[in-house]
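Down below is the structure, laid out as structure tokens.
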Amino acid sequence: MSTLTVDIFISADGYARGEDSPAYFGYLGPDLERWIGDQGSTRQIALMGRVTYEALSAIPEEVRDEGWDQMMQTETVVFSRTLTATTWPNARVRADLVPEVTRLKKESDVGLYTIGSVSLARQLTDAGLVDRLRLMTFPLVVGPSGREPFFAGLAANELELVAHSVLDDRIVLTEYRTTGRDIPRA
């Protein structure tokens, strides 16, 4: 059985993006680039939603780099009820998120991870399919311009910290394992 890791890049106030935020909230540095490259070079299956797929597909050819090339080599599942095909060589489209991820977790011999796709990550979390939650917290509060709050409306769930590090002296990466237990209560 494979492990599903949800990767979420968030501001300190829990938003996946700000109204006018650049990629990586404008904090792309050598450590973060290396981390992204390491993730892309590990044999895994990437999961993403249609909006993320379309955003990545729209990256102009002149700025596509070796990270882009790695992504094209990665087995990818795009979840959508409107797309029927992708233009990526190793990608396929599936409509039913929870049944497909449940099947992949049972049958796959490699890990699964999400790219972007906050709504997809939330649905997987709500369905109890997430084994690991990796939060990349960027050093800013986007405030009223915040879009896509990751934590709003999620069910209570206890997490166990399994790893943490600081990238580029300012970005905090924390990795948690889901415990399946309710949170402590008074």
Odd one out for Met1 among (1) in contact (Cβ under 8 Å) with a residue 40 or more places away in the chain; (2) closer than 26 Å to Glu107 by Cα; (3) part of a helix (DSSP H, G or I); (4) out of contact with any strand residue (DSSP E or B) (no Cβ under 8 Å at 6 or more places or on another chain): (3)
Can you tell me which of Ala46, Ala23 is at pLDDT 90 or above and not polar (S, T, N, Q)? Ala46
Out of the residues in the stretch 61-110 that are β-branched (Val, Ile, Thr) and part of a helix (DSSP H, G or I), which is nearest to Pro30 (Cα to Cα)? Val63
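Is it true that Ile115 is modelled with pLDDT under 90, within 18 Å of Phe25 (Cα to Cα) and either surrounded by 16 or more Cβ atoms within 10 Å (Cβ to Cβ) or under 17 Å from the mean Cα position of the chain (by Cα) (or both)?
Working: modelled with pLDDT under 90: yes; within 18 Å of Phe25 (Cα to Cα): yes; either surrounded by 16 or more Cβ atoms within 10 Å (Cβ to Cβ) or under 17 Å from the mean Cα position of the chain (by Cα) (or both): yes.
Judged against the criteria, Ile115 is a match.
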For Ile36: the one exception among (1) of a type outside the set (Gly, Ala, Ser); (2) in a helix (DSSP H, G or I); (3) in contact with a strand residue (DSSP E or B) (Cβ under 8 Å, 6 or more places away or on another chain); (4) free of Cβ contacts under 8 Å to residues at least 60 places away in the same chain: (3)
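Scan the stretch 59-74 for residues that are in contact with a helix residue (DSSP H, G or I) (Cβ under 8 Å, 6 or more places away or on another chain) and within 17 Å of Thr86 (Cα to Cα) and report the count.
We begin by selecting, within the stretch 59-74, every residue in contact with a helix residue (DSSP H, G or I) (Cβ under 8 Å, 6 or more places away or on another chain); these are 59, 66-67, 70-71, 74.
If we keep only those that are within 17 Å of Thr86 (Cα to Cα) as well, we get 59, 70-71, 74.
Counting residues in the stretch 59-74 that are in contact with a helix residue (DSSP H, G or I) (Cβ under 8 Å, 6 or more places away or on another chain) and within 17 Å of Thr86 (Cα to Cα) gives 4.
Please state which one of Asp131, Asp169, Asp109 is of a type in the set (Asp, Glu) and under 18 Å from the mean Cα position of the chain (by Cα). Show your work before the answer.
Values: Asp169 fails: under 18 Å from the mean Cα position of the chain (by Cα); Asp109 fails: under 18 Å from the mean Cα position of the chain (by Cα).
Criteria check complete, one pass: Asp131.
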Could you tell me how many of the residues in the stretch 3-27 are touching a helix residue (DSSP H, G or I) at 6+ places or on another chain (Cβ under 9 Å) and surrounded by fewer than 17 Cβ atoms within 10 Å (Cβ to Cβ)? 5
State the number of residues belonging to the stretch 60-89 that are surrounded by 13 or more Cβ atoms within 10 Å (Cβ to Cβ) and over 18 Å from the mean Cα position of the chain (by Cα). 4
From the list Leu124, Leu140, Leu129, which one is hydrophobic (A, V, I, L, M, F, W, C), touching a strand residue (DSSP E or B) at 6+ places or on another chain (Cβ under 9 Å), surrounded by fewer than 18 Cβ atoms within 10 Å (Cβ to Cβ) and over 22 Å from Ser41 (Cβ atoms)? Leu140
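The values are calculated or read from the model by the stated rules, or taken from the named source; none is laboratory data. Keep in mind that this is a model prediction, so the values were computed, not measured. Reconstructed Cβ throughout: ideal geometry from the backbone, glycine too, with neighbour counts over all protein chains shown.
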